[in-house]
Amino acid sequence: LVCVASTAGTGSEVSRFAIINDESRRVKIAIVSPKVVPDAALVDPDLLATVPAALAAATGMDALTHAIEAYLSTASSVLSDLDALHAMRLIASNLERAVARPEDAEAAGSMALASMLAGRAFSNAGLGVVHAMAHALGGLLDAPHGLCNALLLDAGLEANAEAARLRYADIALELGAEPGEIAAQGAEGVVVARVRSLRRSVGIEPGLSALGVTRGDLPGLASFAVRDACLATNPL
């Protein structure tokens, strides 16, 4: 099995996750197995030159979610942490530029590497509540997975802050914050603010209602999310 990455986001070319879209129940199901890990991965940033801006933004935020959730995971390790932190740093420095200028080879290369590193991180460490919710949301609406993660990441970070507070300062630093900023505002606030700022800078507006979500959908979404395999390694 040889996989070629055509976006900088999912990290599927190195991960042990596969997603099945159950159209009858309108939900996405995660399958986690080493048997789905490719034998070889070809990561060529030249393939990203024709990715539309909206897709580049959504997949880039997907990669950021992979990195952050892997770092906060209860199954994280020294090795997955190295991959996750490096991916966060690359995404924070390059995503906006890669979306605005797809011909920028340096930004594309950095995003391709970040996506692979984040994929390797979560493949070894697992994910969390953001992905659990995104799978439920994407299954209900057939919405792009990266967009679902982008819209849910800040809420997931707020929910997990108390359980994983010691790790938020590291995330804040990788997202470009200064130590004085973290000390003054608190790591949780800085991380959430920087995620929201990055999301806005690549053209993704907050809010689920624009996707067609109603209050009546929330109980069903929650019901599917709590049964998602990604919750097994969430810090809460």
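Among [x] 31.9, 110; [y] 17.9, 51; [z] 16.5, 51, which is the computed Rg and Dmax of the Cα atoms in Å?
Step by step, Rg and Dmax of the Cα atoms in Å for this structure corresponds to label [z].
Rounded to the nearest whole Å³, what is the per residue volume of the convex hull around the Cα atoms of the stretch 1-141?
In the stretch 1-141, the Cα hull volume divided by residue count equals 106 Å³.
Using a 1.4 Å probe on the protein heavy atoms, what percent of the accessible area of the chain belongs to carbon and sulfur? Kindly include the intermediate steps, with their values, before the conclusion.
Values: 6120 of 10700 Å².
The value for the chain is 57 percent carbon and sulfur by accessible area.
Hey, with R₀ at 25 Å, roughly what FRET efficiency would T50 and R196 work out to, going by the Cβ-Cβ distance, to 0.05?
0.30
Among L95, T65, A8, which residue has its Cα positioned farthest towards the positive end of the charge dipole of the chain, with +1 placed on the Cβ of Lys and Arg, -1 on the Cβ of Asp and Glu, and the dipole taken about the Cα centre?
The listed residue farthest towards the positive side: T65.
Tell me, which longest segment in the chain has none of the GluC sites (Glu not before Pro) that fall in DSSP loops with at most 10 further Cβ atoms within 10 Å?
With a cap of 10 other Cβ atoms within 10 Å, the longest stretch comes to 24-102.
If each residue of separation counts as 0.36 nm, what is the full-extension length gain between L82 and E162 once their alpha-carbon separation is subtracted? Walk me through the numbers before you get to the answer.
Values: separation 80, 0.36 × 80 = 28.80 nm, distance 2.27 nm.
Length difference between fully extended and current span is 26.5 nm.
For the stretch 106-230, with the dipole built from +1 on Lys and Arg beta-carbon atoms and -1 on Asp and Glu ones, taken about the Cα centre, which of H135, F122, G180 lies farthest toward the positive end?
H135
Evaluate E = 1/(1 + (r/R0)^6) for R101 and S6, where r is the Cβ-Cβ distance and R0 equals 25 Å; express this FRET efficiency to the nearest 0.05.
0.85
Let me spell out the model: positive unit charges on the Cβ of Lys and Arg, negative unit charges on the Cβ of Asp and Glu, origin at the Cα centre of the stretch 38-162. What dipole size does that give, in debye rounded to 20?
It comes to approximately 40 debye.
Residue separation times 0.36 nm, minus the C-alpha to C-alpha distance between A75 and D217: what's the value?
Between A75 and D217, full extension yields 48.0 nm more.
Can you give me the span-like helices of the chain, meaning DSSP H runs with 27 Å or more of Cα extent along the axis and Kyte-Doolittle mean at or above 0.0?
53-72, 78-100, 105-125
Tell me, what is the per residue accessible area of the chain in Å², probe radius 1.4 Å?
Each residue of the chain exposes 45 Å² on average to a 1.4 Å probe.
Using the Cα centre of the chain as the reference point, and only Cβ charges (+1 on K/R, -1 on D/E), how large is the resulting charge dipole? Debye, rounded to the nearest 20.
It works out to roughly 500 debye.
With springs only between Cα atoms under 10 Å, which of P179, P102, P144 fluctuates most in a Gaussian network model of the chain?
P179
The values are calculated or read from the model by the stated rules, or taken from the named source; none is laboratory data. Treat the numbers as computed from the prediction; the structure is a model and nothing was measured. Cβ atoms come from the backbone with ideal geometry, glycine included; neighbour counts cover every protein chain shown. When the accessible area is computed, the model is the full protein with side chains, heavy atoms only, and any ligands, DNA or RNA have been set aside. Shrake-Rupley method; radii C 1.70, N 1.55, O 1.52, S 1.80 Å.
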